[in-house]
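First up is the structure itself, then whatever we jot down about it.
Just so you know, all these numbers are worked out from the coordinates, no wet-lab data involved. The structure displayed is predicted, hence computed values, not measured ones. Using ideal geometry, Cβ is built from the backbone for each residue, glycine included, and neighbour counts are taken over all protein chains shown.
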Amino acid sequence: METVRLGIVGMGQRTVYHGLLPEVKRCKGMKITALCEIKEDRLKKGLDDYQGELGYDIAGHTDFAEFLAADAADAVYIATPNYTHRDLTEQAVAGGVDVLCEKPMDITVPNCDAMIEAAKKHNKILAIGQQMNYRKRYHKVMELIENGDLGEPTMLSCVEYRGPFKEMKDWVWQKKYSGGAIVEKNCHHYGLLDWWAKGKPTQVYASGGQKKLASVGGHKSELIDNAYVLADYDSGARSLVSICFLSTHGHHFREFTVTGTEGRVWFNNKDGEIIHFENGHKDIKEDFKIDENLRGGMLQDFVDCVRERKEPLMTGEHGRASLLIPVAAQLSLERGQPVDISEVDTRQQ
């Protein structure tokens, strides 16, 4: 196919208010042909923005079944609340279209398995929107690990200090809709940490609570606003993620560190995410400034995969794997004790 007709489902923060349009305008071999959103005011906002920026007419729908029946798209980008991802993905692939599903893939591992099986059954592409994995800087970290420059990955960490979720994400505050704060947010980080650890997670312990965000914008919150998550891997590595939503005035800080038996790398968003590398045994210190996307970025990769019928960089299997620790961490928070991954990984049961 020469041009992919792409439909977008969900006119919320990610697709309208969080900068997707510039990515859409850069994407080659694709045309936005339809938008779908159950809330009419958000659909109107999406249509106004997309048509205004792209300069052509786009169909609008408030019903997903109607959207599919109109045969207006070859592929869809699903950017709806987390708990809807399985249902919409199954409908989409059964309706004959390929799917790019926003992260997290869903809120349970069995739902991820169902999505993967549905895509296989209907011979459709299922890609997961974990855009951090498309940044070449993170692949440089893996290159250092694969080359043995760090020795064996041993201790990995991610520290994030940020404000609360946006008020317009009114569904996020209830765990049954979002999966919880760690599922909603940290699947991004585990898509990287699990990869760098070169192993599969075995046990998770999380400690956290709600210090001040009991209500945000009039929405009562069930979510924790601070937590530590410690995970062990079968490779002997372990990771520690610190998540904190207590920031104010838009301040955001995130830092990754990978420490191995011979060296370490670290980088944060305050210095342009320059990768700092040192190996004390070889007396090596280097900095790497890398600011490009792999495979053209998340959206371009998906469009190219639809056109060429090839596997996306971030598959359903990757999306599933990035949920194992977050789902186990949510259970650990509730119980106050460690949780074995086998309890949440249905393939080990």
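At-a-glance table
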read-out: Inter-part distance where segment 273-349 and segment 189-248 are each reduced to a Cα centre, Å; value: 14 Å
read-out: Label-point separation, LYS211 to ALA59 (7 Å along Cα→Cβ), nm; value: 5.0 nm
read-out: Reachable lysines from LYS285, criterion Cα separation under 26 angstrom, eight or more residues apart if same chain; value: LYS136, LYS140, LYS198, LYS270
read-out: Interchain or long-range residues, amide H under 5 Å from ASP106's placed H; value: none
read-out: Cα-based reach from LYS44 at 25 Å (exclusive), listing lysines while leaving out same-chain residues under 8 positions away; value: LYS25, LYS31, LYS103, LYS166, LYS169
read-out: Given charges at beta-carbon only (K, R positive; D, E negative), |dipole| of the chain in Debye; value: 400 debye
read-out: Cβ charges +1 (Lys, Arg) and -1 (Asp, Glu), total dipole of segment 168-236, debye; value: 200 debye
read-out: Value of relative contact order over segment 34-182, rounded to a whole percent, pairs C-alpha under 8 Å and six or more apart; value: 18 percent
read-out: Hits among lysines - C-alpha to C-alpha of LYS124 under 17 Å, sequence gap 8 or more where chains match; value: LYS310
read-out: Global form of segment 216-349, assessed from the alpha-carbon gyration tensor, a/c cut-off 1.5; value: rounded
read-out: Residues ARG26, ARG254, ARG264 arranged by fewest to most Cβ contacts within 10 Å; value: ARG26, ARG254, ARG264
read-out: C-alpha long axis of helix 316-335 to longest principal axis of the chain, angle in °; value: 60 degrees
